[in-house]
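Here's the structure we're looking at; comments come further down.
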Amino acid sequence: MASTDTTTSDETFDVLIIGAGIAGMYQLYKLRQQGLRVRVYETGTDVGGTWYWNRYPGARFDSESYTYGYSFSEELLQEWDWSEHFSPQPETLRYLQYVADKFDLRKDIVFRTRIAAAHWDEEAGQWEVVPETGPRARAKYLVTAVGELSATQLPAIEGIESFEGEWHHTSQWPKEPVDFAGKRVGVIGTGATGVQVIQTIAPLVGHLTVFQRTPNYCCPLRNGPVSAEEMAEIKAGYAELFPRLKKTFAGFIHEFDERSALEVSDEERLAKFEEEWAKPGFGKWLGTFHDILTDLDANATITEFVKEKIRERVDDPAVAEKLIPKDHPFGTKRVPLESGYYEVFNRDNVLLVDVREDPIERITPRGVKTGGAEYELDMLIYATGFDTVTGPLNRIDIRGVNGQSLKEKWADGPRNYLGFQSHGFPNIFTLVGPHNGSTFCNLPRCIEQNVEWVDECIRYMEAEGLRRIEATVEAEEAWNDHVQEGVNETLLPMGNSWFFGANTPGKTVTFLMYANGMPTYRERCDHVAQHGYEGFVLS
Ligand code: N01
């Protein structure tokens, strides 16, 4: 719905930002420090982005809490105590609210406002944004901070509107408590979100039916409280930690072992897998042998290891086999981290329905009907994910030079330079945009890189008295080659996951992220800045 306000723009700013999550908040903070007039638009009623919307039961980090907070303020680092190694959503939201208070961010954020459109006005050299309601605004620069996992996606299942019970999508979870006691609850989806929901609500519901289409290789999270002594040690170590995180592949503390999984003995390999298995976090995915995500034979060793771990935890061998992925190798999709997920399927009140075997035909007023049965439910939870990476941008009618639509330009896959800007769309910067290094990352680490690069670029433009910055077609094509070459060296295409938009019916399946690693991305971005923004035309 476009704005009903047809007056010309009420206000003019230097920069408009869409989104007040981790990226938008920090971009606001940085640009304001330059003395620029900045306005942020946010759909929610408060800051927090992902952590504002995803309030579903069990939502928490898969990143070590102390690696996830902002690193730009030593004072903030020293003031904030994390209570758990992997922080639960309410605490993370409180943290982001604390940041907003501390830096007085809210005064420049307009809440409850969804941006419907953003149009480039070539003559004025300005972007005009059109909120669904309320007056338009203009600015020289537009920064999108809309996230890569924010365009909620309900499944394309017939009859979905007919269900008469209570239903929720995990990313639109209500603020009010949801009562599960005694209820027959169904969950559709077993990605990272579904796994967290299922393990959390299984003991709370009357009966739980899990509708699984594709099983995942879930690995233990191994969360625990952070003691006061640990927190003091963490704080003392921040100065060493953050520079170290800049050097790892994806901004996590985990680093690949430089050896090949195939060059060590069977005993050494198993010992390494067991060691990472016993530790908290993503080491099982990003901390074993360097070639498990690039060489199928190397990968097979860990794939078998994880399958065996699943078998050990599920009492009924037939159920265990259903929970074991068959169609993709380990790590080629995002690995969900879990706490007691597999044991859920040993409970008397939990039923696993394999909808690959017995597909869902339709949602009915009373529940879910598959080919073989009808499951009566009081509540349905859709943990069905997102129209990823390009989805949040495509939901805004972004138009560049000559009214060209970004969504149309990207119909066969995104094209841009550094993941920041597409040719024909000057003066826009897409934080965590498609083909941006921050897409495959412990996000705040890469968001800080994105924000600081954009901040410097705008500072340069202003200092040089420049009006316009636009990526060239040649730079865009070369960037696309770099991105595609990077992913083609990995096994990720075998996962056919949301990394490629493969989870969204009708969407072109093409790599949306960046798999060359954060250090390479950072180097490329730095090089471009140091060479007068090579690959962009500045005027
Ligand atoms: O979404 P998903 P998600 N019928 O797309 C199923 C991040 N995250 O919200 O695989 C039946 O991964 C679908 O089945 P299939 C993290 O990056 C982070 O779980 O398409 N099933 C799949 O099982 C993650 O990767 C954290 O066959 C249908 C599920 O729904 C990303 O968010 C926590 C269906 C969707 O899984 C997205 O995770 C949680 C249908 N018609 C999430 N349609 C933390 O850091 C879809 N599905 C803690």
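The values are calculated or read from the model by the stated rules, or taken from the named source; none is laboratory data. Everything numeric in this text was worked out from a predicted model, so none of it was measured. A quick note on method: Cβ atoms are made from the backbone with ideal geometry, for glycine too, and the neighbour counts reach across all protein chains shown. Heads up: the accessible areas ignore ligands, DNA and RNA and are worked out on the full protein's heavy atoms, side chains in. Shrake-Rupley method; radii C 1.70, N 1.55, O 1.52, S 1.80 Å.
Quick notes on this one:
- Selection of the range 205-222 for residues being within 11 Å of the ligand (Cβ to nearest atom), open to solvent by 10 Å² or more (accessible area, probe 1.4 Å) and not hydroxyl-bearing (Ser, Thr, Tyr) yields Arg213, Pro215, Asn216.
- Qualifying residue in the range 383-397 (condition: in contact (Cβ under 8 Å) with a residue 12 or more places away in the chain and over 21 Å from Gln153 (Cα atoms)): no
- Check on Lys235, in contact with a Leu (Cβ under 8 Å, 6 or more places away or on another chain) and assigned to a helix (DSSP H, G or I): yes
- Residue list for the range 414-457, restricted to those being over 23 Å from Val40 (Cβ atoms) and open to solvent by 10 Å² or more (accessible area, probe 1.4 Å): Arg415, Tyr417, His423, Phe440
- Residue count, the range 335-355 (criterion: of a type in the set (Asp, Glu), open to solvent by 10 Å² or more (accessible area, probe 1.4 Å) and in contact (Cβ under 8 Å) with a residue 24 or more places away in the chain): 2
- Considering residues of the range 186-204 that are assigned to a loop (DSSP other than H, G, I, E, B) and within 12 Å of the ligand (Cβ to nearest atom) only, the residue surrounded by the most Cβ atoms within 10 Å (Cβ to Cβ): Gly189
- Residue, nearest to Leu149 (Cα to Cα), within the range 492-527, restricted to residues that are open to solvent by 40 Å² or more (accessible area, probe 1.4 Å) and near the ligand (Cβ under 10 Å from one of its atoms): Trp498
- Among the criteria (1) free of Cβ contacts under 8 Å to residues at least 60 places away in the same chain; (2) more than 28 Å from Ala192 (Cα to Cα), the one Glu91 does not fulfil is (2).
- Candidates are the residues of the range 387-398 that are out of contact with any helix residue (DSSP H, G or I) (no Cβ under 7 Å at 6 or more places or on another chain) and not acidic (Asp, Glu); the one that is surrounded by the fewest Cβ atoms within 10 Å (Cβ to Cβ) is Arg395.
- Here the condition is being free of Cβ contacts under 8 Å to residues at least 60 places away in the same chain and within 21 Å of Phe249 (Cβ to Cβ); of Thr294, Thr301, Thr332, it holds for Thr301 alone.
- Close pairs (6 angstrom Cβ cut-off, 6 or more residues apart or separate chains): closer than 29 Å to Ile396 by Cβ in the range 148-166, of a type in the set (A, V, I, L, M) and part of a loop (DSSP other than H, G, I, E, B) anywhere: Glu148/Val389; Glu148/Val432
- Count - residues of the range 132-185 that are more than 24 Å from the chain's Cα centre (by Cα), outside any loop (DSSP other than H, G, I, E, B) and more than 12 Å from the ligand (Cβ to nearest atom): 10
- Matching residues in the range 460-485 - criterion: being part of a helix (DSSP H, G or I) and of a type outside the set (A, V, I, L, M): Tyr460, Glu462, Glu474, Glu476, Glu477, Trp479, Asn480, Asp481, His482, Gln484, Glu485
- Residue list for the range 54-64, restricted to those being more than 11 Å from the ligand (Cβ to nearest atom), under 16 Å from the mean Cα position of the chain (by Cα) and either part of a helix (DSSP H, G or I) or not acidic (Asp, Glu) (or both): Arg55
- Residue count for the range 130-148, restricted to those that are open to solvent by 50 Å² or more (accessible area, probe 1.4 Å) and hydrophobic (A, V, I, L, M, F, W, C): 0
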